Amino acid sequence: MSERAAPFYCPYCGDEDLRPSEQGHGAWECGACNRAFRLSFLGLLARGVAKGAPNERT
Ligand SMILES: [Zn+2]
């Protein structure tokens with residue numbers, strides 16, 4: 001099992017009462033608002049990977 005994309009807060013109500021759903025991989029249920037949602041990886045952004053550390057001075 002690999003549950004790597006675990007949300008910390010419900011994207012709808014902001015509650016932390018999240019539990020894995022039986023709907024399948026990446027699906028979660030919110031115990032506070034009774035919503036079920038799914039996290040999915042869309043792909044890498046076209047702008048690419050930033051070079052160097054964010055606070056690195058050039
Ligand atoms: Zn919720």
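What is the spin-label model distance, in nm, from Ala27 to Leu45 if the labels are put 7 Å beyond Cα along the C-beta direction?
Result for the modelled spin labels: 3.1 nm.
Based only on other Cβ atoms within 10 Å, what is the fewest-to-most ordering of Leu39, Leu44?
Values: Leu39 14, Leu44 8.
The order, fewest Cβ neighbours first, is Leu44, Leu39.
Taking the simple approach of a point 7 Å from Cα along Cα-to-Cβ for both Arg35 and Glu16, what is their distance in nm?
It works out to 1.9 nm between the two label points.
Read-outs throughout are calculated quantities, based only on the coordinates presented, and are distinct from any laboratory measurement. None of the values given here were measured: they were computed from a predicted structure. Every residue, glycine among them, receives a Cβ derived from its backbone with ideal geometry; neighbour counts consider all protein chains shown.
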